[in-house]
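Here is the structure we will look at, set down as structure tokens.
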Amino acid sequence: MPSLIEVWDSRLGIHEIGGSKHNPMILQWCKDAGHPEIIDDETAWCSTSMCSAAKEAGLPFPSVNVNPMARSWLTVGKGVKASEAAPGDVVVWPRGNPAGPSGHVNMIREIKRTGGVTYVRCIGGNQSHSSGGAVTLTTWTDLSGALANGIR
């Protein structure tokens with residue numbers, strides 16, 4: 001069984017299809033997460049793609065009744081301190097109001113610690129791309145902005 005890192009690496013570059021067509025791979029990830037009712041690739045898919053990746057790697061993921069929401073990942077696994085975060089850990093980020101319901105979930109791909117600050121490059125689905133959401137690798141980001149520094 002592949003690791004979560006291997007699963008995400010194999011998905012790098014998969015992206016939405018603009019217009020009325022939809023990427024069948026993204027729709028399959030929604031089905032893997034238990035959501036066959038999602039029939040377009042414009043519906044937010046960061047969490048369903050993470051569920052699908054976790055499933056492929058044999059790892060747990062949030063229950064179907066909450067898993068389309070990025071913050072549902074706050075209920076899975078064990079959170080770790082930024083100083084303990086490692087590649088392969090799942091990270092949940094706020095979107096808009098940090099106390100609000102919106103968020104984004106991805107996985108730490110690379111990590112560096114400088115001057116007491118933990119920086120990460122994350123890989124995940126529905127991240128920015130010229131034609132919409134895609135599986136991309138982020139730029140270096142301060143992990144202190146995350147709602148969860150790492151979940152394993």
What distance in nm separates the two pseudo spin-label positions at Thr75 and Glu6, each 7 Å out from Cα along the beta-carbon direction? 3.0
Going residue by residue through the range 144-152, the Karplus relation 6.51 cos²θ - 1.76 cosθ + 1.60 with θ = phi - 60° gives ³J(HN,Hα) values, rounded to whole Hz and with x marking Gly or Pro, of 5, x, 7, 6, 9, 5, x, 10, 10
Probe 1.4 Å - accessible area at Val80, Å² to nearest ten: 20
Given a 1.4 angstrom probe, what's the average accessible area per residue across the chain, in square angstrom? 48
Thinking of the range 6-152 as a set of Cα atoms, what percent of all their pairs are more than 27 Å apart? 16
Give the residue list of trypsin sites (Lys or Arg not before Pro) in the range 1-92 that are DSSP loop and have at most 12 other beta-carbon atoms within 10 angstrom. Lys21, Lys78, Lys81
On the full set of protein chains, 1.4 Å probe, figure out the accessible area of Ile14 and give it in Å² to the nearest 10. 40
For Pro24, the net charge from surrounding residues (Cβ-Cβ under 15 Å; K, R +1; D, E -1) works out to -2
Would you look at the GNM of the chain, springs on alpha carbons closer than 10 Å, and say which of Leu59, Leu137, Leu74 moves the most? Leu59
Within the chain, how many lysine pairs that are 8 or more places apart, or on different chains, have C-alpha atoms less than 23 Å apart? 5
For q = 0.26, 0.31 Å⁻¹, what log10 I(q)/I(0) does the range 6-51 give under the Debye formula with an equal point scatterer on each alpha carbon and no solvent? -0.97, -1.26
How do Thr136, Thr141, Thr75 rank by accessible surface area computed with a 1.4 Å probe, from largest to smallest? Thr75, Thr141, Thr136
For the range 53-104, list log₁₀ I(q)/I(0) at each q in 0.14, 0.25 Å⁻¹, using the Debye formula over Cα point scatterers of equal strength and ignoring solvent, two decimals each. -0.40, -1.12
HN-Hα J couplings of the range 74-79 from phi, Karplus 6.51/-1.76/1.60, θ = phi - 60°, integer Hz, Gly and Pro as x? 5, 9, 10, x, 10, x
From phi via Karplus (6.51, -1.76, 1.60), per-residue ³J(HN,Hα) for the range 105-113 in Hz, x at Gly/Pro: 10, 8, 10, 5, 9, 9, 9, 8, 10
Candidates Ala57, Ala99, Ala44: whichever shows maximal mean-square fluctuation once the chain is modelled as a Gaussian network with Cα springs under 10 Å: Ala99
For the chain, modelled as a GNM with alpha-carbon contacts under 10 angstrom, which of Ser72, Ser20, Ser52 fluctuates the most? Ser20
Give me the one-decimal nm value for the distance between modelled label points at Asn65 and Trp140, 7 Å along each residue's Cα-to-Cβ direction. 4.4
Within the range 47-134, what whole-number % of the accessible surface is contributed by carbon and sulfur, with the 1.4 Å probe and all protein chains included in the calculation? 55
Quick calc of log₁₀ I(q)/I(0), the range 95-152, Debye, one scatterer on every Cα, no solvent, q values 0.18 1/Å, result -0.68
Asp40, Asp89, Asp9, reordered so the largest accessible area comes first (probe 1.4 Å): Asp9, Asp40, Asp89
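The values are calculated or read from the model by the stated rules, or taken from the named source; none is laboratory data. In this text the structure is predicted, and so the values were computed from the model without any measurement. Virtual Cβ from ideal backbone geometry, glycine too; neighbours counted across all protein chains shown. Side chains included, ligands, DNA and RNA excluded: accessible areas come from the protein's heavy atoms. Shrake-Rupley method; radii C 1.70, N 1.55, O 1.52, S 1.80 Å.
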